[in-house]
Amino acid sequence: MSETTATGTQPGYDYDRVELRKKLATVDKAPGSSKPDSILTVDNVVRRFGGMTAVDVQHVEVQRGAITALIGPNGAGKTTFFNLLTGFDKPNSAPTLTNRGAGTARWVFNGRAMGAVGAAKVAKSGMVRTFQLTKALSRLTVMQNMLLGARDQPGENFFVAIVKPLWKAREAEIEAKAADLLKRFKLYEKKDDYAGSLSGGQRKLLEMARALMSDPAMIMLDEPMAGVNPALTQSLLGHIQSLRDEGTTVLFVEHDMHMVRHISDWVIVMAEGRIVAEGPADTVMDDQAVIDAYLGAHHDTDLGDDSLLTDESIEELEAEVKEEDAARVETEHNEEGKA
Amino acid sequence: MILVPTNTPPLRSSRSVRVGRRHSLVVLASMLMLGLLATIVSLAFAPGAASAATSSTCTVDATTGCIQGTLFTSDRKPAEGVTITAKPDSGDALTGTSNAAGKWAIPVKTAGTYTVSLDESTLPSGQYLANAATNDRKVQVSLGSQAGTLFQLSTTKGATIDNNNSGNDFSWQRFAQQLMSGIRLGLLLALAAIGLSLVYGTTGLQSFAHGEQVTLGGLLAYTFANVLGLNLILAAIITVVISAATGFAQDAFIWKPLRKKGLSLTQLMIVTIGLSIALQYAFQYFYGAATVRIQTANPKVVTIAGVTLTVQSYVAMGISILVLGGAAFFLLRTRTGRATRAVSDNPALAAASGIDVDRIIRLVWTVAAGLAGLSGVMLGLVLNGVNWQTGLQILLLIFAAVTLGGLGTAFGALVGSMIVGIIVELTNLVLPGDFKYATALFILIIILLFRPQGIFGRRERIG
Amino acid sequence: MDYLVQLFQSLTVQALAPSTAAFAIAAIGLNVHFGFAGLLNIGQAAFLLLGAYGFAISIDRGLPLFAAVLVALLCALLFAFILGLPTLKLRGDYLAIVTISAAEIIRMVGRSSILTDLTGGSNGITGNTYNGPFQALSPLPDGSTQILWFDYDNNGVNGWWIRIVGWGLVGVFLLLIWALARSPWGRLLKGIREDEDAVRSLGKNVYSYKLQALVLGGLIGAVAGIIYVLPSSVQPDGLGRSTTFFIYTALLLGGAATVFGPVLGAILFFVMRLLIQSLAQSFIPDSIMSTQQTVQFSYVLVGVALMCLIIFRPQGILGNKKELSFSV
């Protein structure tokens, strides 16, 4: 069971969390600070929708072996940033035929440049994501969902697929692995049910388990807690931490501050598309930029305080909220279209 | 000769239920006449089409090929006893003679190129070969198939008849003429396209039954104006009102319940396909397979700056521009219009800001069907008439138009329609008529390659 | 009683006709597109038409039978690539528009008078120009055979030989689909049908799989086209939009995403239509509905049936109710 995620020991990976936190304590607590061992380094990622800039990240690094939280008020561009990193969207600053020089978007994951790489290749290189609105494949069974996550199934080739003996052995291997993961996520009893019959929280778990089928070096969770019932929250947090302990770097987007405080080693704060602060969970919350970003937008705050809320910033935030809603609606639309 | 598609029953000779018992004979007679007319016209004007007629004296088989055609005098009577010669590159010349139906056929046993010529001395008196310069023509024949060639007759010696409106004889005058026709087609398409685009924008649905709304408009107008003899304008108004009512009813009885039932868009799209099939054959059931033209009396033509169009065409274009202007005003300046655009932009947000989305969608369906009906009336009036499958043909052009302009954007639909209309008509300058729709669809595919969101569409977001 | 026996016999004759087999094969192909991969191909008839043209013209130009089949398949392959490469990266409804448009282009160009030498223009190509080599291949002795009330020539244009080959091919394709549906390849397609972003996030090249599905279904469609025209003739207008819509009806009737659904659906489609038509013809007086109108009436019912099917029983006859109850 312990061997279900990353196999063996990776050199340079901080299995000891105390060590890791010590290292991170020495890191400069400023936006875009460099990390001792960065698994993901991002430069110049800009994404505009119409006249509005949704994401404008100059430089950010993610520490290998850490649980990094990406937080920020609604409309800060977190999900868009996720989409860009995982190849589901293309930055406006992407290198073009004529301009591949400085100022164009580039990011390096695990030593590999990922600038203009499609979503499938990103996932193949070991950076697997989940979605804010779970994308469990409803009309496949839980087990089939899991098997889809596996790598190196020769039967996924058309010609091999026709001859069962050619892929039977590998199928048995990945089925065993899937069974292990499902047991761990307490979904094993449901393995033959359609994924569509699972509860929201179970779908989140399934999506996470499915992502783990490919032994990713880094897993990116988009709001893993959204829509999960409180009873499941604790076990979900436990799962995420054990993932890290077994060798998978975690980057997640979350609104829930308790979760962020509870499990993250490092917090990156986004607001209005930019990285405004970075640091360990307990210190970053005191950062003035974070307070401005958060309290200004969505938390119980004195709305009479005009210094926080100029007309301009309200309009901007409104636009962003609208944009994000639109994106969400569009996603739903797309999903409907496919059913 | 009109070729009847295998799964399309031929011209129906029966009463029409909707148009009423008393007029059934009139309808029948006019349909038959129209069918006959269409047959004759296509016989005379479609090069090669004459081969569709089964030869009376030549049977195609594995070792035989036929060169054949049908001869008509200038007043459209069969020309009998005319001798036609087919001379192979090497070997003896073969001859054939036209029969009482004007048909002639020459069986050949060797494939190859034959020089086919008409013996002018055997022509009926007072008839001369038109375009005599093309008398000796090369015809390619292969065994087991037919090759048709057409000779045209005239009452004057040495006459030339230009029936080839697809020739290479480019002139600016023809260009202007075709351009104007294109603008006319574009405007009529736009009426239907804006409706489709609005429906797509507000509901996400591509309605395949939208073309049938156009057909319905044309057929209804024909019924009121020609069968029941109402004043054309009155007939058009009634048609538009009924069309709009069908849109209203469709949303009330089909689309709204299905939205509430939670059907996916793909499912809904297939429902529209089913509706489209049912309507097409229902049209055929009631109106038969022939093409009906509204007001078949010879229309007056007006020539402006070298461009000749019927008066009705100018009126139709005027009405289109007015209605399109009205639609623009509605969308831009009225409260409901702005609400419509808001729903189009983002239904959830619109609903959240207090817009009654269902009411807007109902309105959009009603208006869309009404506009499609109006488009059908005018297509039946100024173009080649309407038959049961006009809608599907138009639908593809509308799809091309809205996709070109950008799915879901009303003004994109307008611009897209104009482009498609003009392309369709200008194609005639360089390619035969068969290709005019194909070109528009081809350009659609090319555009999708380079700018999938269309001219006015926004780049999509995923996730 | 006699009437019922006759009706039953004519229905079974229709059920086993070569055109039914061709339809079943076409629906199997469409099932790969729509049922498994979720691709909304509304131009399946064009694959049939291309297959038919490729086959007929090749043989007419003197190619041997197998080369002609190969040409037919190549035509469909090329068409699938032309359709798929630009559109499979776009949203699903773009594929719908492009396929229906491209199918119309094929039909219009095919029937164009310019290409009369090649395609026979709107007349199409008569069967005797291309069905010789196929007949020559028949191992059956000459003569005719009667089994029950099925009485055909052994080798005639529309005899036992084409029926055996047609239904034999149905069997072959059923086997192929059965093998693929249970394989990881089939699982991947179903995943793409459900949510291609999810599958993409798992590191699979969705684009390539969609293209593979489009090509496979198209090739099967081309074979269906050959079977369809062998006992008759190549008629561009007989393989138009309506044909595609009818194939959809057959597929949804039997059950999309099932193995046997398309075949069952194709048989039922023809049988039901003939049944409606026969009953209407026999029991509705001519003054209310003429013979011609009974045909149209049956097609109206086809349209209505398609609507009702997709609304009330989208899984068709063989589909798993549960599998479709989660469709969003």
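The values are calculated or read from the model by the stated rules, or taken from the named source; none is laboratory data. It should be emphasised that the depicted structure is a prediction, and the values quoted were computed from it without experimental measurement. Every residue, glycine as well, gets a Cβ built from its backbone with ideal geometry; the counts of neighbours run over all protein chains shown. Areas reflect the complete protein model, heavy atoms only, side chains present, ligands, DNA and RNA absent. Shrake-Rupley method; radii C 1.70, N 1.55, O 1.52, S 1.80 Å.
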Task: Candidates C:K210, C:K190, C:K89, ranked by Gaussian network fluctuation over chain C, Cα under 10 Å, top entry - done: C:K89
Open item on the list: What are the extents of the Cα atoms of region A:1-157 along their three principal axes, in Å, largest first?
Closed with: 44, 41, 33
Task: Pairwise FRET efficiency - B:A245 versus C:S287, Cβ, R0 = 25 Å, nearest 0.05 - done: 0.25
- [ ] Relative to the compact-globule scaling 2.2 N^0.38 Å, provide the ratio for the alpha-carbon radius of gyration of region A:81-169.
- [x] 1.42
TODO: Order the following by accessible area, largest value first: B:S90, A:S264. Probe radius 1.4 Å; ligands, DNA and RNA are ignored.
DONE: B:S90, A:S264
Task: Compactness of region A:137-197 - radius of gyration and Dmax, Cα, Å - done: 12.2, 36
- [ ] Would you be so kind as to list the residues of region C:188-219 that have their accessible area lowered by at least 50 Å² in the full protein complex compared with their chain by itself (1.4 Å probe)?
- [x] C:R193, C:E194, C:D195, C:D197, C:R200, C:S201, C:L202, C:G203, C:K204
- [ ] Output the residues of region B:389-418 meeting this criterion: accessible area (heavy atoms, 1.4 Å probe) in the chain alone minus accessible area with all protein chains in place is 10 Å² or greater.
- [x] B:Q389, B:L392, B:Q393, B:L396, B:F399, B:T403, B:L407
Task: Reference-scaled alpha-carbon Rg (2.2 N^0.38 Å with N residues) for region C:233-328 - done: 1.22
Task: Accessible area of region B:55-154 belonging to carbon and sulfur atoms, whole % at 1.4 Å probe - done: 50 percent
Open item on the list: Using a 7 Å offset from Cα along Cα-Cβ at B:I237, what residues in region B:204-228 end up with backbone N under 16 Å from the label point?
Closed with: B:221, B:224-225
Open item on the list: Taking the solvent-accessible surface of protein heavy atoms with a 1.4 Å probe, what is the per residue accessible area of chain C in Å²?
Closed with: 34 Å²
TODO: Could you do me a favour and compute the accessible area per residue for region A:137-197, 1.4 Å probe, result in Å²?
DONE: 45 Å²
TODO: Grab the DSSP H runs of the protein assembly as shown that are 4 residues or longer, score each as -39,500 (n - 2.57), total them, divide by all residues and round the 222 nm result to the nearest 500 deg cm²/dmol.
DONE: -17000 deg cm²/dmol
Open item on the list: Out of the total accessible area of chain C (probe 1.4 Å, heavy atoms of protein only), what percent is carbon and sulfur?
Closed with: 69 percent
Open item on the list: Let me cross-check C:F34: its accessible surface, 1.4 Å probe, with only protein heavy atoms counted, in Å² to the nearest 10?
Closed with: 30 Å²
TODO: Using only the alpha-carbon atoms of region C:28-163, report the extent along each of the three principal axes, biggest first, to the nearest angstrom.
DONE: 55, 38, 24
TODO: Output the lone cysteines of the protein assembly as shown: those with no second cysteine's C-beta under 4.7 Å from their C-beta.
DONE: C:C75, C:C308
Task: Accessible area of region A:137-197 belonging to carbon and sulfur atoms, whole % at 1.4 Å probe - done: 54 percent
Open item on the list: A 23 angstrom limit on the alpha carbon distance is what I want to check against. Which of B:K300/B:K436; A:K22/A:K177; A:K191/B:K261; A:K183/A:K204; A:K168/C:K190; A:K124/A:K177 exceed it?
Closed with: B:K300/B:K436; A:K22/A:K177; A:K191/B:K261
Task: Leading residue at positive end of dipole, region A:26-153 (Cβ point charges), from A:V62, A:N92, A:S138 - done: A:S138
- [ ] Taking only protein heavy atoms into account and a 1.4 Å probe, give the accessible area per residue of region B:55-154 in Å².
- [x] 45 Å²
Open item on the list: As an exercise, use a Förster radius of 22 Å and the Cβ-Cβ distance of C:L118 and C:L78 to find the FRET efficiency, rounded to the nearest 0.05.
Closed with: 0.85
Task: Total accessible surface hidden between A and B, rounded to 100 Å², 1.4 Å probe - done: 1500 Å²
Open item on the list: Given the C-alpha atoms of region B:55-154, compute the convex hull and give its volume per residue in Å³.
Closed with: 80 Å³
- [ ] Compute the FRET efficiency between B:A132 and C:N128 as 1/(1 + (r/R0)^6), taking r as their Cβ-Cβ distance and R0 = 41 Å, and round to the nearest 0.05.
- [x] 0.65
TODO: Take the Cα gyration tensor of region C:129-246, multiply each eigenvalue by 5, square-root it, and list the three semi-axes largest first, rounded to whole angstrom.
DONE: 38, 17, 12
Open item on the list: Taking the full set of protein chains and a 1.4 angstrom probe, give the accessible area of C:C75 in square angstrom, rounded to the nearest 10.
Closed with: 40 Å²
Task: Two-site label geometry, C:W149 and C:T12: point separation in nm, points 7 Å out along Cα→Cβ - done: 0.8 nm
Open item on the list: 7 Å from Cα along Cα→Cβ at both C:L137 and A:H255: what's the point-to-point distance in nm?
Closed with: 6.3 nm
TODO: For region B:264-279, list whatever residues lose no less than 30 Å² of accessible surface once every protein chain is in place, relative to that chain by itself, with the probe at 1.4 Å.
DONE: B:S264, B:L265, B:T266, B:Q267, B:M269, B:I270, B:V271, B:I273, B:G274, B:I277, B:A278
- [ ] Mind ranking C:I28, C:I82 by accessible surface for me, highest first, 1.4 Å probe?
- [x] C:I82, C:I28
Task: Value in Å of the Kirkwood radius, where the protein assembly as shown supplies the Cα pairs that are averaged - done: 32.7 Å
- [ ] Leaving out ligands, DNA and RNA, calculate the buried accessible area for the pair A and C with a 1.4 Å probe, summed over both sides, in Å² to the nearest 100.
- [x] 3400 Å²
Task: Exposure rank, largest accessible area first [B:K436, A:K29, A:K190, A:K22; 1.4 Å] - done: A:K22, A:K29, A:K190, B:K436
- [ ] Compute for chains B and C the buried accessible surface, both sides summed, probe 1.4 Å, and express it in Å² to the nearest 100.
- [x] 5500 Å²
Task: Cα-only radius of gyration and Dmax that characterise chain C, units Å - done: 20.1, 65
